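The values are calculated or read from the model by the stated rules, or taken from the named source; none is laboratory data. Keep in mind that what you see is a predicted model, and the values were worked out from it rather than measured. Positions of Cβ are backbone-derived with ideal geometry, glycine not excepted, and every protein chain shown enters the neighbour counts. We work out accessible area using only protein heavy atoms, side chains counted, and drop any ligands, DNA or RNA first. Shrake-Rupley method; radii C 1.70, N 1.55, O 1.52, S 1.80 Å.
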Amino acid sequence: MTVLTPALRRHAVRVLQQHSIWLVLLLLLLVSAVLSDAFLRPAYLMNLVLQQTPVGITAIGVTLVMISGGIDLSVGAIISLTAVMCAILMNGQSENLPHALILTCLAGTLVGAFNGLLIAYNRVSPFILTLGTAIIVYGLTQIYSGGTASGVVSPGFRETLNHRIGGIVPTMVVILLLVAACGILVQRRTRFGRALYLIGTNPAAARLAGLNLPRVTVIVYSLSGLFAALGGIALLARAGVAGTYTGRGSEFDVLAAAVLGGTTFEGGHGGIGGTIGGLLVLGLALNLVNLVGLSFYAQLIVKGAIIVAASTTYEFVRRSSASLEKPATSRREK
Amino acid sequence: MTSAQRLPRFTAAAAQAVGTLATRRELMRLGALARSYGIYLVLIALLLVPSLWLSEYRGARNLGQIVQQSAALAILAIGQTFVIACRMIDLSVGQLMGLIVVASCSLMDGRPEMTVPAILLALAIGLTVGAINGLLNNRLRIHSLILTLGMLSILQGVIFVYTDRSVGAASPAVLRIGNGTVTGVPVAVPLVLVVAALAALLLHRTRFGLYVRVVGANEEGARRAGIDVARVKLPVFILSGVSAAIAGIILAGRLGTGYPNAGTGFELDAIVAVVLGGTPLSGGRGTILGTLAAVLVLGVTANLLNLLGMSAFIQMVVKGAIVIAAVLINQPRELARA
């Protein structure tokens, strides 16, 4: 490495670290296009994004939580609750639509705020706490819906969200991109966004710097709840009906997308852009498995392998970039 | 520190607090001790109070049934106690248990002569998957949560590629392990007690157990003190895998057939039980007795709510509330240290 100065090399590694998921996506797309020309059709690609929309919207909120060093395992339960709640509130009438959507978002935000308040003022492990919340929310969902799929969506609700603008881009995908753009704006350009990274990197320093840690924590978990509610609504729009366990397991899909995109459990790293990249890589990989003719269940095996392989790669890149940066700043062992 | 050493301090602190004007410091220490023993108090209260007016609840028979129902979770949680004391997490145990239920049941298919091969197969699967987890954890150096999450997905895929409906049947002997009694005592009771006793000895009385806790408390410090961290973590994952194998045999006996979703969600219940019992997610300490008490608290609560005629839905809400209450009571220790 005589050509590159250390500064340039550091820069190159950092760029690689931040954008490697898009390289992976490109590579996967090329492989898919060789295997089947379906992947060259815009409608098919949009379908792929459409499938991932509920998980994607939810993952945006969870990414923010993870940047701050937390974790939210209750989103799967919130998706289940809000999907069935929205359907029941709509009750097949189009005039119910506005208040159904508002109340549903409110419910998700409230669950998130509940998580945030308990975590902010007690500093309990978010892992176990949000797990407990998830169990409660599943119970409440069952009580509310009577334990079966219920409710009827308003006429026009599904049609609007699944409508393809110009015959190609579904409304829901546009919404996903808008929500992601808002999230990226918050993460990059606001005090709140910078506070998240600082808290995730070093909570003690954040407190000493005068940040209101409890307030940021409550807001970020509330946002996670809100985004999960939007995810629930998106899921309802895709499926048309909602059982009581619709969202079960999607907390793991969300985690996988975020970790693939470079957001770590330790906090302070990654971002929403990476999560969207991770989401698309997961979606594409699972579609490929399907295309090769393996069963849905084989997809689970591939998903697991991808999760492990991707985090191993990130860890490797992080370590090598850390060792490159060592002479300048000594990194704290985590 | 063992509970035997802690007990005199507990009584001394209690006497001081009651007898003299307790200082704030002593009160805090008393609070910490109450937190350490809280789960036992909750268990005793849960066992005694309702039996005053619920006659079905009283008696060894109901208690035996509760233990029988909780046996698989108890064994799984005992394995997880080692993992969490070492400041890791193993999310793959639930699906591993499911795989073992399916594999052993389809091998046995109700034939008595296949009991021993099926148990050996179960142990082999548990050992292998545990060793794979451990080796990958040491080699890849990624967070154990993510690694075992990947393994969870892989194992679930393996189960469902093999079968998407119930297959095979448990042999009579395995059915007896799950549901049978010996002179009135459910077979599961001595089984759980023996496993728990061995695990407690291993965790509290051996060098390996000490190393597990030291690595959990401060991995870098342990490494600098000359402990081969990788050689501590590998057996921890193997223990977790083997505990899933034993739990899987018990569950196969209880279900009687190889149900592919048998283990789904068990990993989270096991983690909840370990943390409820007083082993912190931040590692460094572990208590087998506490884990056992927590499993019983969960089992007794479910039993109680059943007897009171509560729906399964309300039971879920109560269970979630218990988890949150427990984590709120248990965690502030970390706060005092920070």
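See the values below:
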{"quantity": "Number of partner chain Cβ atoms within 10 Å, mean per residue of B:309-317", "calculated": "5"}
{"quantity": "Number of partner chain Cβ atoms within 10 Å, mean per residue of B:266-272", "calculated": "2"}
{"quantity": "Proximal charge balance of A:THR130 [Cβ under 11 Å; K/R count +1, D/E count -1]", "calculated": "-2"}
{"quantity": "Dmax and Rg, reported as Rg then Dmax, of the stretch B:52-132 (C-alpha, Å)", "calculated": "16.8, 51"}
{"quantity": "Mean projected area in nm² (Cα convex hull; one quarter of hull surface) for the stretch A:34-152", "calculated": "10.3"}
{"quantity": "By average C-beta atoms within 10 angstrom, highest first, the peptides A:163-171, B:240-248", "calculated": "B:240-248, A:163-171"}
{"quantity": "Selected from B:ALA196, B:ALA321, B:ALA294 as most flexible by GNM, with chain B as the system and alpha-carbon contacts under 10 Å", "calculated": "B:ALA321"}
{"quantity": "Relative packing of B:173-184, B:96-107, A:57-68, which averages over residues the other C-beta atoms within 10 Å, highest first", "calculated": "A:57-68, B:96-107, B:173-184"}
{"quantity": "Residues in the stretch A:43-80 reached by a label modelled at A:ARG194 [backbone nitrogen below 14 Å; 7 Å Cα→Cβ]", "calculated": "none"}
{"quantity": "Cα gyration tensor category, rounded, prolate or oblate, for the stretch A:103-210 with a/c compared to 1.5", "calculated": "oblate"}
{"quantity": "Tail beyond 46 Å, pair distance distribution of the protein assembly as shown (Cα, percent)", "calculated": "19"}
{"quantity": "Kirkwood-based Rg to Rh ratio, chain A, C-alpha trace", "calculated": "0.99"}
{"quantity": "Förster-model FRET efficiency, 30 Å R0, A:LEU30 and A:ASN290, C-beta, rounded to 0.05", "calculated": "0.95"}
{"quantity": "Rg(Cα)/(2.2 N^0.38 Å) for the stretch B:39-329, N = residue count", "calculated": "0.99"}
{"quantity": "Separation in nanometres of the label points that stand 7 Å from Cα toward Cβ, at B:ASN261 and B:LEU198", "calculated": "3.3"}
{"quantity": "Estimated FRET transfer efficiency when R0 is 25 angstrom, pair B:PHE208-B:TYR37 (beta carbons, to 0.05)", "calculated": "0.45"}
{"quantity": "Within chain A, helix-based [θ] at 222 nm, where runs of 4 or more DSSP H residues each add -39,500 (n - 2.57), nearest 500", "calculated": "-25500 deg cm²/dmol"}
{"quantity": "Overall Cα dimensions of the stretch A:176-334 - principal axes, largest extent first, Å", "calculated": "52, 35, 24"}
{"quantity": "With eigenvalues of the C-alpha gyration tensor scaled by 5 and rooted, the stretch A:169-223, Å", "calculated": "29, 11, 7"}
{"quantity": "Full-extension gain in nm, B:SER282 to B:ASN138, via 0.36 nm per residue minus C-alpha separation", "calculated": "49.9 nm"}
{"quantity": "Percent accessible area from carbon and sulfur atoms, chain A, protein chains only, probe 1.4 Å", "calculated": "67"}
{"quantity": "Residue among A:ASN47, A:MET172, A:ASN115 farthest towards the positive dipole end of chain A, charges placed on Cβ", "calculated": "A:ASN115"}
{"quantity": "Relative contact order [Cα under 8 Å, 6+ residues apart], the stretch B:69-132, whole percent", "calculated": "24"}
{"quantity": "The stretch B:165-265 shape via C-alpha gyration tensor axes, a/c threshold 1.5", "calculated": "oblate"}
{"quantity": "Accessible area that becomes buried as B packs against A, both chains, 1.4 Å probe, Å², nearest 100", "calculated": "3600"}
{"quantity": "Trypsin sites (Lys or Arg not before Pro) restricted to DSSP loop in the stretch A:169-199 with at most 10 other C-beta within 10 Å", "calculated": "none"}
{"quantity": "Gyration tensor (Cα) of the stretch B:223-338, equivalent ellipsoid semi-axes in angstrom", "calculated": "29, 23, 10"}
{"quantity": "Spin-label pair A:VAL241/A:ILE165, simplified geometry with 7 Å Cα→Cβ offset, distance in nm", "calculated": "3.2"}
{"quantity": "Accessible area per residue in Å² at 1.4 Å probe, computed on the protein assembly as shown", "calculated": "44"}
{"quantity": "Chain B - mean residue ellipticity at 222 nm from DSSP helices (-39,500 (n - 2.57) per run, n ≥ 4, rounded to 500)", "calculated": "-25500 deg cm²/dmol"}
{"quantity": "Positive-end extreme of charge dipole, chain B - chosen from B:LEU121, B:PHE208, B:GLY64 (charges on Cβ)", "calculated": "B:PHE208"}
{"quantity": "Largest to smallest accessible area among A:ASP72, A:ASP253, B:ASP164, A:ASP37 [probe 1.4 Å]", "calculated": "A:ASP37, B:ASP164, A:ASP253, A:ASP72"}
{"quantity": "Within chain A, longest stretch free of exposed GluC sites (Glu not before Pro) [DSSP loop, at most 14 other beta carbons within 10 Å]", "calculated": "A:1-265"}
{"quantity": "Accessible surface of chain B, 1.4 Å probe, proportion on carbon and sulfur as whole %", "calculated": "66"}
{"quantity": "Karplus-derived HN-Hα couplings along the stretch B:275-285 (A = 6.51, B = -1.76, C = 1.60, θ = phi - 60°), whole Hz, x at Gly and Pro", "calculated": "5, 4, x, x, 8, x, 5, 7, x, x, 9"}
{"quantity": "Peptide-level mean, for A:264-273, of C-beta atoms on other protein chains within 10 Å", "calculated": "1"}
